[in-house]
1. If the convex hull of the alpha-carbon atoms of region 46-148 is projected onto planes in all directions, what is the mean projected area in square nanometres?
2. In nanometres, what is the gap between the two model label sites at residue 319 and residue 73, each 7 Å from Cα along Cα-to-Cβ?
3. Over the chain, with a Gaussian network built from C-alpha contacts below 10 Å, which listed residue (172, 47, 307) shows the highest mean-square fluctuation?
4. Highest GNM mean-square fluctuation, the chain, Cα pairs closer than 10 Å: which of 241, 283, 203?
5. Which percent of the Cα-Cα distances in region 340-398 go past 17 Å?
6. For a test of the definition: using alpha carbon positions, the gyration tensor, and the 1.5 limit on a/c, classify the chain as rounded, prolate or oblate.
7. Using alpha carbons only, how many degrees (0 to 90, rounded to 10) separate the axis of helix 254-290 from the longest principal axis of the chain?
8. Take every Cα pair under 8 Å in the chain that's 6+ residues apart, average their separations, divide by the length, and report that relative contact order as a whole percent.
Ligand SMILES: [Zn+2]
């Protein structure tokens, strides 16, 4: 039995009574078909409506042949039910979907790019175009679509035969049967569509393009309409407001202020690297001066050094003089870097493996350099002592 599609008759209808005509299980959930419904089933890029049947939440709505299946969050007992469609979601879909019609038409008109698909998600709305479009073309299309919105053109829906559709210059979809539903934004856009549309283009409010990227030989264009456009504006305005205060710059000077900051950071980072390199030389000399053994064994631990900083110090040490370096650092993790100068006999990776096991972590390396880390910060000294003992046991071996 065909479900009567009340959402086609009146896309503003949010409450209706209906009779249950079938009961099913869909993906493990109870589901019903009704003799009539105002719930839009997912189709043509527009997601389904949500709401309730009696008081049971409707979690999905899918087409099942000529019928519409309402997937429910729980069991529904009665045979006569009252349906309530969630108003905000329906309004949002109406705004985004009709805005898409207008934007697609404008892009086709101004850039001769056809829309091959439409995605309406809870976060993002986009169309995919069959050819690449540039920024200027998109801005022109955006302006054109908004002029049509602000002109408050009536949106008219009618059902025609395939032949009538063709006579109107519309190519009817192959699987649409002989009753073709046409949606027209008067004098601007006419196309076959089963979605829910407003009475006037004005209800779209505004269409704003948020970005574009290359996609499958064409372009993907992200945009928002209506209430989403207002939300997007508020979000951006709040972020900019915060940035103007953080950077102490007016809106028009924000980009320059950010660029200056990045430039300064680049200079500062370079200076830090130079100073750090100098301090490593001094630290290496200090450690070797205090080390005993022949060749000297250097054992040291630091707070908050990054693994690459430890490694740089270890490499300085073993390059300065023949020695063995066992270095550790306590940060988010406990880190170890072990190294020895060329020609010394220790199995550095094996020393590291044994020590890092104490830290409950892993590590590796080869030849004369190995590093690793683990979560047991409190075991760092113990791990270093273990390795030192192993080095002393083997002796210099030369
Ligand atoms: Zn449509």
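1. The number I arrive at for region 46-148 is 8.6 nm².
2. 6.4
3. Per the Cα network of the chain with a 10 Å cutoff, 307 tops the list.
4. So, out of 241, 283, 203, the one fluctuating most is 283.
5. Considering region 340-398, 36 percent of its Cα-Cα pairs are separated by more than 17 Å.
6. Values: a/c = 3.62, a/b = 2.30, b/c = 1.57.
In terms of gyration-tensor shape, prolate.
7. For 254-290 against the chain, the angle is about 20 degrees.
8. 9 percent.
The numbers here are math on the coordinates, done by the rules we state, and not lab data. As the structure is a prediction and not an experimental result, all values here were calculated from the model. All Cβ positions, even for glycine, are placed from backbone atoms using ideal geometry, and neighbour counts span all protein chains on display.
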